[in-house]
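The values are calculated or read from the model by the stated rules, or taken from the named source; none is laboratory data. Nothing here was measured: the structure is a model prediction, and the numbers come from that model. Neighbour counts are summed over all protein chains in view; Cβ atoms, including those assigned to glycine, are modelled from backbone coordinates with ideal geometry.
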Amino acid sequence: MVTKINHTIMAEELICSDYTQIVESYGIGFSTNDYYLIADGVPETTDWLIELSIVLPQIEELLKVVLPMAKSLGVPFSMAKNDESAVHILYGNMGYQNLNKVITFYPSGKEQTIQFSQKLVAVTAGFNGPKIPTAAPLGSIVYTEYIGSVPFEKSMWPFPIKMPVPKSEFKKIFSGKYMIVDVLKQDIKGDVFKGIYIKGFLKVGKCVIKQGRQYMWTDFGNRDMSHRLQWQKKVQEDLYDSLNIPKVIDLFTTDGNNYLVMEFIEGQHLEKVLTETYKKDKLWKDLSMEQRNKLLNALIQIIESIEVLHKKGYVHRDIKPANFILDNKGRLFLIDLEITYHKPTDYPNPAFGDGTLGFMSPEQLERITPTEHEDIYGFGGLMVYFFTGQPPADFDYKHLDKLKKELSRHIENQQIRNIIMECYQVELGQRPSLQKIKSVVQNFQKAMLNTR
């Protein structure tokens, strides 16, 4: 299975601690480019690479262990030059081939390759890192990859351990009771599956199984995907009686990966609804009355759902079409509450840090304690998508004068354009209330229906 690369912005990770000072402290010469630090002596060609994967909180500690050893043995290397670069490597933004390769060593010859790799395996045994899918494991975070010019044969394997046989992590049955029937989403942090399970005597239920891969996401507070899924479970159980959200069925761990099992909602993601509605480059004015009314009803349901969420003390923080489903009866469901923040308990602290360009507020990028104003900004992006059929990242949403001109081609109604502009205000106090957004949308819908 090929995993798609995740281009989601990980706001809380973009701290940018510089690793060049650590390298300099060992008297190692180097050069840098946009993302990498390249030690002097890195060869143009070699046979074997030794690669290290490591979670973000342990990078500096790891460097202080392995760099002196690399210098003493004369092994050149390349590595992420700072925290921001490491984030891009660990979250797949540098491409699948580079995924999780935070440090790469270039040993020379068979003897040095074996000696250096064995030393690395010994000194890194206590560190943690996600799997490198394009390399063979030698230790807990140590991997190797053949890049020689001669086609590889098994007899060329130089290491004293048996050559690992690649194993697919894909399973058809989890925890002995959940059977996978389809892959709904592929993601670096973990895939999402459709499954079935025995619900009762001679009764089979449908479910969604959300995976959190071990060490694939770790923040500087040493929180990983298990913490995020545990939090999502708690939030959904707390809100289940108040909102349309999937019922939580189970949370379990298998082979180090975590899995949250939820009720399967029959319906369509709003992102797909919007894509199908606006196909062939349609504008809002080109849609049928039925299509426009369907979208407005969905938008009002989202507003009302977030109103309930706020009354319960939560900030959603990820208001985008992909996180909502319209079921077959036209009811709207919230399906992803993983990065929600709870104000009364100040949890999680700091808030989990995903976000999507165009929906994520400036204060969310700056990792300021969340408030409801974040969600208002997100509504600006949501309404851009609803009324244009295009994600807000396709527009110049950071410059409101330009955005207003761009939207005038898509949205004829001035009140809708104005409320979007208000949502996108940088100053929190200038953003509208949910009640005002709801009133503008409802009045627009009422006027539209009266023109039939």
Restricting region 68-98 to residues that are among the aliphatic types (A, V, I, L, M) and surrounded by fewer than 18 Cβ atoms within 10 Å (Cβ to Cβ), the one farthest from ASP219 (Cα to Cα) turns out to be LEU73
Filter region 343-361 for residues that are small (Gly, Ala, Ser) and over 21 Å from LEU403 (Cα atoms); which is modelled with the lowest pLDDT? GLY353
Restricting the first residue to region 191-220 and requiring it to be at positive phi, which pairs with a second residue that is in a strand (DSSP E or B) and crowded, with 19+ Cβ neighbours inside 10 Å meet a Cβ separation below 9 Å and a spacing of at least six or different chains? TYR215/ASP224
Could you grab me the full set of residues in region 298-326 that are out of contact with any helix residue (DSSP H, G or I) (no Cβ under 8 Å at 6 or more places or on another chain) and either at positive phi or not assigned by TED's automatic domain parsing to the domain that holds PHE444 (or both)? GLY313
Cβ-Cβ distance below 9 Å, separation of 6 or more or different chains: which pairs start in region 432-452 with a residue that is farther than 19 Å from GLY381 by Cα and free of Cβ contacts under 8 Å to residues at least 60 places away in the same chain and end on one that is surrounded by 13 or more Cβ atoms within 10 Å (Cβ to Cβ) and among the polar types (S, T, N, Q)? ASN443/GLN415; ALA447/ASN413
Can you name the residue in region 99-133 that is surrounded by fewer than 20 Cβ atoms within 10 Å (Cβ to Cβ) and in contact with a Phe, Trp or Tyr (Cβ under 7 Å, 6 or more places away or on another chain) and, of all such residues, is farthest from ALA39 (Cα to Cα)? ASN128
Take the residues of region 273-316 that are touching a residue at least 40 places away in the same chain (Cβ under 8 Å) and of a type in the set (D, E, K, R): which is nearest to SER361 (Cα to Cα)? GLU307
For region 322-336, enumerate the residues that are under 24 Å from ILE368 (Cα atoms) and at pLDDT 95 or above. ASN323
Checking the condition assigned by TED's automatic domain parsing to the domain that holds SER288 and modelled with pLDDT of 95 or more, which residue from ARG409, ARG417 passes? ARG417
What is the residue count in region 60-96 for residues that are within 29 Å of the chain's Cα centre (by Cα) and assigned to a helix (DSSP H, G or I)? 13
Candidates THR356, THR369 - the one that is closer than 21 Å to VAL315 by Cα, under 21 Å from the mean Cα position of the chain (by Cα) and free of Cβ contacts under 8 Å to residues at least 60 places away in the same chain: THR369
Taking the conditions exactly as written (without any contact (Cβ under 8 Å) to a residue 60 or more places away in the chain and among the charged types (D, E, K, R)), does ASP375 satisfy them or not? no
